1. Quick one: 3J(HN,Hα) in Hz for region 203-212, Karplus 6.51/-1.76/1.60 with θ = phi - 60°, rounded, Gly and Pro as x.
2. Rolling a 1.4 angstrom probe over the protein chains, ignoring ligands and nucleic acids, what is the accessible area of residue 172 in square angstrom, nearest 10?
3. When the Cα centres of region 197-260 and region 281-330 are compared, how far apart do they sit, in Å?
4. How many lysine pairs are close in the chain, with Cα atoms under 21 Å apart and the two 8 or more places apart or on different chains?
5. Could you give the Stokes-Einstein D for the chain in µm² per second, using the C-alpha Kirkwood radius, 25 °C, 0.890 mPa s?
6. Per residue, what accessible area does the chain have, given a 1.4 Å probe and all protein chains present, in Å²?
7. Order of 264-276, 302-314 by packing, highest average Cβ count within 10 Å first?
8. With N set to the residue count of region 34-158, report its C-alpha Rg divided by 2.2 N^0.38 Å to two decimal places.
Amino acid sequence: MSAHFSAARRRLLTTGAAALAYAAAAPIASAQSGAPGAAGATGGRVLRIGNQKGLLTLLKGRGTLEKRLAPLGVHVTWTEFPSGPPQLEALNVGSIDFGDVGEAPPVFALAAGAPFVYFGQGAQRPNGEGLLVPKASPITSFAQLKGKRVGFTKGSNTHYLYVRLLQQANLKPQDVTPVFLQPADARAAFERGAIDAWLIWDPFLAVAQKSLDARLVADGTGLVGNRLYFFTSRTYVQHNEDVLRVVIEELNSVDKWVEANRAAAASEYAQLWGVPRDAVELVLSRQRFGIERITRATLAEQQQIADAFLELNLLPKRIDVAQAAPPSLG
């Protein structure tokens, strides 16, 4: 890292340290619904899933998970979130037991003391997030955003991509003004010209490319891994690892089906997400497939992200990501 970048790290994102606020604002729940004796409205165990627009949406639409878990006496509920940080807030206060998230939110959640445990992972998909500018914009590189405004969701996967793009462009943190917005608000700001560029992930990225004719300036290739992670809580995994294994198996089965049946999957996703089919086709064209249990190698990838944020004073202390490994990983 360049000397001037390191010296300016305290200014990163102007209010960069506030990226922790989403998790710090909520106390850690003292109990999770997956603890022994917890039961749903129909009795038995409960699995409360938080999901974004993604693979979990497809799994929910099919109803196959509920069928697989019925013999185990598990009742499944679903709640959709706009991005990863709010999902982790929900985990932190004991409102959900399982969810999907990008590579940066877990780091902030762990630093804030959330009872987060990694349980599953997807393949790297660095081109599944990127930097957009309006079609008529003269900007052709991130370096040209010096003195301009970039919108993205704080604590999200694009938060880390933003850091890496700053480093690659040899820009000081104060050279670019970040604007922290959830995807829907960021799109509105992008359309009305309130931000000069927008860092966003699929399917929002693809939808903006197709419906707004937005121009892709850069993606995460060579900069970030952009894995999808599946998480649970310490309490839930201790008592319900059999349930979680079934979820990962079902997710992998659906993901492999999508890989082999992209045309049919595009139609199904378009209906579930409420987005144009051509945008879904773009998402699938750059997606990599395969869902598996978490590995030590990917925990090491997460540690690198945590250390990068710590160096930039975005974390209050160093965290050991390995402490968030599931019990079965040893």
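1. Rounded to whole hertz, the list is x, 4, 4, 5, 4, 5, 5, 7, 8, 9.
2. Approximately 80 Å² for this residue.
3. If we compute the Cα centre of each part, the gap is 13 Å.
4. The number of close lysine pairs in the chain is 13.
5. Value of D from the Cα-based Kirkwood radius: 121 µm²/s.
6. That works out to 39 Å² for each residue.
7. Per-residue mean Cβ counts within 10 Å order the peptides as 302-314, 264-276.
8. Working it through for region 34-158, the quotient is 1.34.
The values are calculated or read from the model by the stated rules, or taken from the named source; none is laboratory data. Keep in mind that this is a model prediction, so the values were computed, not measured. Note: ideal-geometry Cβ built from the backbone for every residue, glycine included; neighbour counts use all protein chains shown. For accessibility, only protein heavy atoms count, side chains too; no ligands or nucleic acids. Shrake-Rupley method; radii C 1.70, N 1.55, O 1.52, S 1.80 Å.
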